[in-house]
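All of the numbers you see were taken from the coordinates with simple rules; none came from a lab. Keep in mind that what you see is a predicted model, and the values were worked out from it rather than measured. Note that we place each Cβ from the backbone using ideal geometry, even for glycine, and neighbour counts take in every protein chain shown.
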Amino acid sequence: MHDRVQKDLSDVEGAWKTLLERIGEGNDFSVFSIQKRKPIRYFHAEVSGDYIIIDRAKKHLETVNITKKRRVDFNQFRCVARLYNRYIKGEVGIRPLMRDKCGYNTSYVISLIYHLL
């Protein structure tokens, strides 16, 4: 079972800066989900200016199936961060709400928050 620890994301700007620092020059991360999903897939995240660039995994064969790089900005992060703890609690309907409000990069942002903050 995944560790469903809630995060203190009240200082969303500070959390964003910490996230950018911890991603650094880039790394592969597993896609986190409160649902048990197999096989586990990986994506690559790196920082470019004020953005996080999401791409296929570089060190893992079990990569996400995206065809072009995606860009995550602070506004997308802030949107997901505000809903993250509701997602971790397992609130019914939160994933579609996140996707509708925050866009289609929510799985990657959730995963980065889970792994790095």
Stretched out fully, how many nm does the piece from T67 to E91 gain, at 0.36 nm a residue minus the Cα gap? 5.6 nm
Quick test of the membrane-span-like rule: which DSSP H helices of the chain reach at least 30 Å along their long axis (C-alpha atoms) with mean Kyte hydropathy at least -1.0? none
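Anything over 21 Å Cα to Cα? Flag those among K38/K68; K7/K89; K38/K59; K36/K89, in the order listed. Write out the running numbers ahead of the final one.
Numbers: K38/K68 23 Å; K7/K89 11 Å; K38/K59 18 Å; K36/K89 15 Å.
Beyond 21 Å: K38/K68.
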Relative contact order (percent) for the stretch 8-117, with alpha-carbon contacts under 8 angstrom and 6 or more residues of separation? 27
Under 17 Å from a label point 7 Å along Cα→Cβ of S30: give me every residue in the stretch 76-117 with its amide N that close. 107-117
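Report Rg/Rh for the chain, rounded to two decimals, where Rg is the Cα radius of gyration and Rh the Kirkwood radius.
Numbers: Rg = 13.3 Å, Rh = 14.3 Å.
Result: Rg/Rh = 0.93.
Tell me, which longest segment in the chain has none of the GluC sites (Glu not before Pro) that fall in DSSP loops with at most 13 further Cβ atoms within 10 Å?
That would be 26-61.
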